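Written below as structure tokens is the structure these notes are about.
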Amino acid sequence: MRPRRRFTADPPRPPRNEALNENIRASKVRLIGEDGSQLGIKTKDEALEIARDQDLDLVVVAQQADPPVARIMDHGKYRYEQEQKAKLARKHQSQVNVKEIKFRPKIGIHDYNTKKGHVQRFLNQRAKVKVTIMFRGRETTHPERGRDLLIRLAEDVKEIGQVEQQPLLDGRNMTMLLGPTKNAGVTKPDAEDQETERSEEAVQGDRNGQADAPASNEESPAREEVG
């Protein structure tokens, strides 16, 4: 029995670039130097020799011209720069990310502060926030409560959020759209120092008997309703 013939796969070939060095098909090119200078019409071999003398590549940049326009350049560096530009362009193409937070017209202080924290977190993540007030039953007869709540929220987060859509009543819901400001997500190095200064002033005032009474009324009424 004859032994079975074994076939070995050919190694993968690099992709052929018709517009680079020896792969250029045109017999003549209009040559541009690395510095942008016009070197005139050259044969392919002449242009390749000039590029090799400078340890650079010959790249066709205008295939449809007659003759094609070729430029002397570092092709690897050129490709890298193009990829970086593409990455930067994709980075700046910010996708619109909209989060939604729902409130009730009669919401307790604790719940309000918790949801306000969520709104601030989303804004600091450079997301837009759709704030929805949900009315039930007879609450629909007092839409001003929902509007006041939305205005209060916008005022509380104005440093990092701006109103992009004013409060709008739609059926049983009232919505407002907040967008991040330029300060959203930006850390301020002196913020901690300012907080420390305020704490030290409060301690010093306490020692002198001049400190204001603690604002306990703001924390204690956990059942207080906003709106």
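So what is the accessible area of segment 35-144 per residue, in Å², with the probe set to 1.4 Å?
67 Å²
What residues of segment 102-133 lie in the reach of a label at Gln165, counting those whose backbone N is under 17 Å from a point 7 Å from the Cα along Cα→Cβ?
The answer is 102-103, 123, 127-133, whose backbone nitrogens lie closer than 17 Å to the label point.
Taking the Cα-to-Cβ direction at Arg121 and at Val98 and moving 7 Å from each Cα, how far apart do the two end points lie in nm?
Using points 7 Å along Cα→Cβ, the separation is 2.2 nm.
Give me the one-decimal nm value for the distance between modelled label points at Arg52 and Ile151, 7 Å along each residue's Cα-to-Cβ direction.
Result for the modelled spin labels: 8.0 nm.
So if I take the centroid of the Cα atoms in segment 30-79 and the same for segment 87-137, what is the distance between those two points in Å?
Answer, in whole Å: 54.
Can you give the relative contact order of segment 27-89 as a percent, counting alpha carbon pairs under 8 Å and 6+ residues apart?
Across segment 27-89, relative contact order equals 31 percent.
The values are calculated or read from the model by the stated rules, or taken from the named source; none is laboratory data. The shown structure was predicted, so the numbers you read here are calculated from the model rather than taken from an experiment. FYI the Cβ positions are ideal-geometry reconstructions off the backbone, even for glycines, and counts take in every protein chain you see. We work out accessible area using only protein heavy atoms, side chains counted, and drop any ligands, DNA or RNA first. Shrake-Rupley method; radii C 1.70, N 1.55, O 1.52, S 1.80 Å.
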